[in-house]
Amino acid sequence: MDLFTHVALPLLLGRWLKKSAEEVAALALGGLAPDLDIFLLPINWIHPNFFLLVHRGITHTLLFGFFASILVLFLATVGPVRSQISQHFGLDPKFTRRAILFAYVGVLVHLALDGLTTRGIPLLYPIDFTRISAEIFFYSETPLLLASLGILIIEVKRQGLIDPQKMIILLLLFLVLTGCVRLAEKDRAEVIFGDDARAFPATNLFEWTVLAEDGGDVRVYSYDALSREVLLSGDYPKMNASSSEDGLKAALDVAENLPQVRTFRWRAYEVVISAAFRDGGWDLAYRDPVMAARMMGMPTSPRGFFSGLVSLDVRVEGERAKVRNGGYHIQKRFEYLCIYF
């Protein structure tokens, strides 16, 4: 979900329940806390790992979300930061046990919202790496984003003059209406493509990306709920080996130990692999067909920015494996910026 909704919902909830300025501040800061994982990203660029130091990774969990809320609450109580929050938002952040509790409630609201969006969150990490998602919303939905931004502006400009109950009802109304539209479209898509197909919300409110498997092939469709138009965006074999498969399994085993490959698999909607034996080693190309389909309509320049989300190239020679598209980690920065805003 977008940043503005993550802050607006717990903020309005606190004001509606007539909580103190300290408690409302903690709720709002907790709603913001998980998305500050963007500051952890350089660790993964410098030293690739599989500790989920990615957006919607480690901080979007029940355990580490708690520590994220403590950190953000503490930073908000530092002199200059606290004075700015108090001056512009009429809030009074304090680092107390009660404030920490309310900040964690804000985190839970954040996790609940992100659990409704595509690809979801690893809620139970490190016990379970599975991403939990209802696959109802895209990363952010424009109507909801604009409503949340407008409400936050009103809250800042007209502090104490607007009924928070009306504002939270308005925001929840936008959330429910957007969700109802998405759910109706998802049900229709499942009827068209069959229950075995998987439908993922796309950037447009009325568009879906549908993944269907037929034997060893993966087909990706673009579905427009308004026009009822269905387009085949791509057809991929799950495994495509262009030369002798001798040694391919061993090469895949070596590649799968790379943290970049494990992270790519964890983030991807689906993974297909192309393999070719050249110059005494294996060239492996991991591709996410859903992201590949979404990038097709993009201009060449932006498509290059997001290429790290689409594919990952690995060279395997014996027991050694190396990621070949070195811009992968840098390119991921643009994905985080896109999703975050």
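General remarks:
- For the stretch 123-146, the set of residues classified as hydrophobic (A, V, I, L, M, F, W, C) and without any contact (Cβ under 8 Å) to a residue 40 or more places away in the chain consists of Ile127, Ile132, Ala134, Leu146, listed by residue number.
- Considering (1) within 29 Å of Trp282 (Cβ to Cβ); (2) surrounded by fewer than 19 Cβ atoms within 10 Å (Cβ to Cβ); (3) modelled with pLDDT of 90 or more; (4) in contact with a Ser or Thr (Cβ under 9 Å, 6 or more places away or on another chain), the lone condition that Val220 does not fulfil carries the number (2).
- Note on the stretch 223-241: among residues that are touching a Ser or Thr at 6+ places or on another chain (Cβ under 7 Å) and touching a residue at least 24 places away in the same chain (Cβ under 8 Å), the one that is surrounded by the fewest Cβ atoms within 10 Å (Cβ to Cβ) is Asn240.
- Strands (runs of 3 or more DSSP E) within the stretch 216-294 that include 3 or more residues within 27 Å of Arg56 (Cα to Cα): 217-224, 281-287
- Filter result for the condition that a residue is assigned by TED's automatic domain parsing to the domain that holds Val156, out of contact with any Asp or Glu (no Cβ under 6 Å at 6 or more places or on another chain) and not in a helix (DSSP H, G or I), over Phe64, Phe50, Phe74: Phe50
- For the stretch 76-134, taking the residues that are more than 30 Å from Thr203 (Cβ to Cβ) and polar (S, T, N, Q), the one that is surrounded by the most Cβ atoms within 10 Å (Cβ to Cβ) is identified as Thr77.
- Every condition in (1) farther than 29 Å from Arg267 by Cα; (2) crowded, with 19+ Cβ neighbours inside 10 Å is met by Leu32 except one, and the failing one is (1).
- For Gly179, the conditions (1) more than 12 Å from Phe137 (Cβ to Cβ); (2) modelled with pLDDT of 95 or more all hold with the exception of (1).
The values are calculated or read from the model by the stated rules, or taken from the named source; none is laboratory data. Everything numeric here is computed off the predicted structure, so don't read it as measured data. A quick note on method: Cβ atoms are made from the backbone with ideal geometry, for glycine too, and the neighbour counts reach across all protein chains shown.
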